[in-house]
Amino acid sequence: MLGAVLVRVGSRGSRLALTQAEGAVAGLRGRGIEIALVPITTAGDRDRTRPFGEIGARGVFVKELEEALLDGRVDVAVHSAKDMTSTDSDGLAVGAYVERDDPRDALCGADAVRPGMRIGTASARRRAQLLAREPSLSVEPLRGNVDTRLRKRRERGLDAIVLAACGLDRLGLAAEIGLRFDPDELVPEAGQGALALQVRAGEEHLVGAVDHAPTRTRVEAERACVAAIGGGCLAPVAAYHDGERLTGLVAAEDGSWVERRSGTDPAAVAAELLACLP
């Protein structure tokens, strides 16, 4: 394209991440912009065995992408919004949130949660809510990309695993889903189902054309609630905005107690939840 601007788009290198990145920036093509995808390996990708908390704080899939932005090696970084820290990093901004896909958690391998099942997940949030629903479950750690986790379920003889529905949908694997949990049953991670296009502060115009305002409103309310609570990637904290109301959750990791509060003000919902903590 004569006179087109080349925009380098950083993404994690997994099949899902690259599929998401290509879809997220597709709306920029034909606007005088050429796209070059730049795969970047993150700490969370390098270490596929240890729990996230042993690798580092929330942001294990984000840090290297942000460094590439700040160093000028890429112009845009595509993140799953749920992987981001709850506050923006200095010098960077979310220039666009692409229209949100299904935010729900998905049960793969079964069509219902039943007593005594062995269920795989690496998420403390999912573990806490599953055990609160059914204390007899054996919830086992399970890491890896989507394809790896589906394979490990079969290899380890797990009854089911829980994944983000949006990832399965984007990879054409919706047939693996036996149940999509209602957000009232399993409150999703803040930002789940949404893709964030991060840029250097002052360069939001690069991606502003694909910003979806309703998604931005919902996801930023969820992130603000989690930031006010102080939850990280491993803390059993969740927040979900359905377009009308925000629901926040805090829980014990073993599911022995769960507190939910709803409202329209993220700070107020967070304050109510913090008042419930033992």
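If you roll a 1.4 Å probe over the chain with all protein chains in place, what percent of the accessible area is carbon or sulfur? Could you put the intermediate results ahead of the total?
Numbers: 5780 of 11710 Å².
Here carbon and sulfur together make up 49 percent of the probe-accessible area.
At a 10 angstrom cut-off on C-beta neighbours, averaged per residue, how do the peptides 116-129, 153-166 rank from highest to lowest?
On the way: 116-129: 21.5, 153-166: 19.1.
In decreasing order of mean packing, 116-129, 153-166 become 116-129, 153-166.
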(request) State, in angstrom, two size descriptors of the chain derived from its alpha carbons: Rg to one decimal place and Dmax to the nearest whole number. (result) 18.5, 63
(message) I'd like to compare 172-181, 241-250, 101-110, 263-272: which one has the highest average count of other Cβ atoms within 10 Å, and what's the full order after that?
(response) 101-110, 241-250, 263-272, 172-181
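Per residue of the chain, what 222 nm ellipticity follows from adding -39500 (n - 2.57) for every DSSP H run with n ≥ 4, rounded to the nearest 500?
On the way: 9 runs with 81 residues, N = 278.
Calculated mean residue ellipticity at 222 nm is -8000 deg cm²/dmol.
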(message) Before I look further, what does segment 143-193 give for accessible area per residue, probe 1.4 Å, in whole square angstrom?
(response) 38 Å²
(message) Report the Cα-based extents of segment 173-233 along its three principal axes, largest first, to the nearest Å.
(response) 43, 32, 20
(message) With θ taken as phi - 60° and the coefficients 6.51, -1.76 and 1.60, list the Karplus ³J(HN,Hα) couplings across segment 100-106 in order, rounded to whole Hz; mark glycine and proline as x.
(response) 5, 8, 4, x, 7, 7, 10
(request) Sort largest first and round to whole Å: the equivalent ellipsoid semi-axes of segment 113-170, each the square root of five times a Cα gyration tensor eigenvalue. (result) 19, 13, 9
(message) I need the shape label for segment 123-278. Rule: rounded when a/c is under 1.5, else prolate if a/b > b/c, else oblate, with a, b, c from the alpha carbon gyration tensor.
(response) oblate
(message) At 1.567 mPa s and 4 °C, plugging the Kirkwood radius over alpha-carbon pairs of segment 227-278 into Stokes-Einstein gives what diffusion coefficient in µm²/s?
(response) 117 µm²/s
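The values are calculated or read from the model by the stated rules, or taken from the named source; none is laboratory data. Just so it is clear, the structure is predicted and the values come from calculations on it, not from any experiment. Glycine also receives a Cβ, built like all others from the backbone with ideal geometry; neighbour counts cover every protein chain displayed. Protein only, heavy atoms only, side chains kept; ligands, DNA and RNA dropped before computing areas. Shrake-Rupley method; radii C 1.70, N 1.55, O 1.52, S 1.80 Å.
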